[in-house]
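**Q** Below is one structure. I have some questions about it.
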Amino acid sequence: MSNQLQSNSKFQSIKGFYDILPEATPLWFKLEDTARRVLAQYGYKNIRMPLVEPTELYVRSVGEHTDIVEKEMYAWEDALNGDKLALRPEGTAGCVRAVVEHNLTYNGPQRLWYSGPMFRHENVQKGRQRQFHQIGVEAFGFDTPEVDAEQIVLLARLWRELGIQDVELQINSIGDAHERAEYRNVLIAYFEQHADLLDEDAKRRLHSNPLRILDTKNPRMQAMCEAAPKLIDCLGDETRAHFDGLCKRLTEAGVAFNINPRLVRGLDYYNRTVFEWVTTKLGAQGTIAGGGRYDALVERLGGTATPACGFGIGLERVFLLMQEYGVSALDTPDVYLVNVGTLAESASFAIAEQLRNANVEVVLHAGGGSFKSQMKKADRSQARYALILGDDEVNNQQVTLKPMQFETLHENKPAQVQCSVEDAIKLILASRT
């Protein structure tokens with residue numbers, strides 16, 4: 001009995017892993033297509049990396065004492081050869097690995113981007129899933145603040161083109177390694193003076209990663225962290241000049257920003273510039289994109305010293321924000337091909353292919369049915385036209401073209417016409433302009 005019940009049970013997706021259904025994909029297409037177009041405007045080229053990488057790649061890059069490595073990675077030992085592997089929790093490390101492995105900067109700097117799923121074992125909530133999607137953007141070989149500014153301005157353009165408003169840019173400089181080391185000692189001393197206010201997570205991080213304590217969400221610790229010494233006050237002249245150069249270029253580009261001295265980001269590889277775009281529309285998951293410089297990471301992963309800067313966009317959160325602002329995207333065919341009668345049903349397949357050869361999007365009715373029932377399906381498809389084919393039309397080498405979705409698009413609805421397939425194609429294509 002138990003085996004029978006088990007065989008009849010329905011499968012469901014795993015918690016935190018979800019399906020994107022057809023009604024949602026048009027808006028996803030709009031998001032992805034707009035991002036691809038904007039990235040091309042700035043000269044970024046696509047790269048595609050595997051979903052699985054050596055676990056050590058993330059330990060060495062992201063940081064052994066980060067939440068990602070300590071608690072969130074999907075990692076395992078390969079049963080066949082004992083390799084320690086992980087599903088990618090973020091994209092930068094894999095991109096750097098590919099750049100080093102294939103010596104992509106041999107002929108000069110590179111601007112790259114990638115997209116796809118990432119995986120983290122997190123508490124599931126709105127805008128935070130265990131499989132989530134990112135677009136990542138990385139620039140290698142540029143050491144001046146122009147590229148930092150370029151990537152931030154690129155994101156500002158993307159938000160405008162997507163119809164997203166009221167997102168705030170927060171920036172900070174976390175200095176170079178020696179400056180952070182100096183600041184780390186200052187910060188540990190400060191937190192030790194306020195040990196009674198530290199929660200368990202902060203106590204655990206105190207000597208391994210004290211900068212992450214500044215990013216706490218614990219309300220009880222907010223005032224204490226707000227009063228902590230500021231890393232920006234420990235910056236040397238060169239680092240400070242880099243940050244001032246970034247601020248100057250953002251101002252010149254008309255991109256408003258707030259300097260947030262507590263912004264440190266959650267990954268160990270960052271240095272100097274860090275930034276986040278945040279919104280108040282998504283509750284706790286308010287960061288929709290973030291990144292910064294990681295000038296030491298290429299060398300840390302076996303390459304020659306190469307300055308680098310990049311960011312990631314959380315696509316689920318941007319998608320939710322697009323919905324919040326009422327951004328719409330239609331994915332409807334040009335034509336629903338209605339066919340009634342033996343001759344019409346036989347001829348409809350070839351006519352549909354003739355239309356597609358002319359770059360017309362066609363849904364071909366299949367399975368028979370009355371004229372009335374097929375027209376109902378044509379209406380539900382939201383096709384701009386129903387192309388009606390009956391036995392009489394076949395005998396006369398004509399089709400009937402009936403406008404379906406023009407009432408709200410045009411003041412004067414086009415008239416239904418009977419014409420040749422070639423003339424129908426001309427009318428359909430002309431109506432797109």
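**Q** Which cross-chain or sequence-distant (5 or more) residues have an amide H under 5 Å from the amide H of G116, H modelled 1.01 Å from N in plane?
**A** Residues meeting the criterion, in which the H sits 1.01 Å from N, are Q134.
**Q** Still on this model: Can you sort L337, L301 from fewest to most other Cβ atoms within 10 Å of each residue's own Cβ?
**A** Fewest-to-most Cβ neighbours within 10 Å comes out as L301, L337.
**Q** For the residues S61, S373, S13, what sequence is obtained by ranking on other C-beta atoms within 10 Å, fewest first?
**A** S13, S373, S61
**Q** Now a separate question. Per the helix-only calculation at 222 nm, which mean residue ellipticity applies to the chain, given -39500 (n - 2.57) for every DSSP H run of n ≥ 4 and division by its residues, nearest 500 deg cm²/dmol?
**A** So the helix-based figure for the chain works out to -11500 deg cm²/dmol.
**Q** With the radius of gyration and the Kirkwood radius both derived from the Cα set of segment 335-430, what is their ratio Rg to Rh?
**A** When Rh is taken as the Kirkwood radius, the ratio is 0.93.
**Q** Sort D166, D19, D391 so that the residue with the fewest other Cβ atoms within 10 Å of its own Cβ comes first and the one with the most comes last.
**A** Ranking D166, D19, D391 by Cβ neighbours within 10 Å, fewest first, gives D19, D166, D391.
**Q** Tell me, what are the semi-axes, in whole angstrom and largest first, of the equivalent ellipsoid of segment 240-364 as set by the roots of 5 times the Cα gyration tensor eigenvalues?
**A** Ellipsoid half-lengths, sorted descending, are 51, 20, 14 Å.
**Q** Further question on the same structure: In percent, what relative contact order does segment 294-433 have, based on Cα pairs under 8 Å that are 6 or more apart in sequence?
**A** Value for segment 294-433: 20 percent.
**Q** Expressed as a fraction of 2.2 N^0.38 Å, the rule-of-thumb size for a compact globular protein of N residues, what is the C-alpha radius of gyration of the chain?
**A** 1.26
**Q** Still on this structure, please answer the following. Estimate the FRET efficiency between K84 and L21 by the formula 1/(1 + (r/R0)^6), using the beta-carbon distance for r and 25 Å for R0, to the nearest 0.05.
**A** For R0 = 25 Å, the calculated efficiency reads 0.10.
**Q** Related question: Excluding I188 itself, what net charge comes from residues whose Cβ is under 14 Å from its Cβ, given Lys and Arg +1 and Asp and Glu -1?
**A** Counting the neighbours of I188, the net charge comes to +4.
**Q** Give the lysines whose C-alpha is closer than 17 Å to that of K203, dropping any in the same chain fewer than 8 places away, or say none.
**A** Counting by Cα, and skipping residues close in sequence, K203 has these lysines nearby: K71, K217.
**Q** Cross-link partners among lysines for K376, C-alpha distance below 29 Å, same-chain residues fewer than 8 apart left out?
**A** Within the straight-line limit of under 29 Å, K376 reaches these lysines: K30, K402, K413, K426.
**Q** Which whole-percent values make up P(r) of segment 77-203 when all C-alpha to C-alpha distances are grouped in 5 Å steps starting at zero?
**A** Computed distribution, short to long bins: 2, 7, 10, 11, 16, 17, 16, 12, 7, 2, 0.
All of the numbers you see were taken from the coordinates with simple rules; none came from a lab. Model, not experiment: these values are computed from the prediction. Ideal geometry is used to build each Cβ from the backbone, glycine not excepted, and the neighbour counts take in all protein chains shown.
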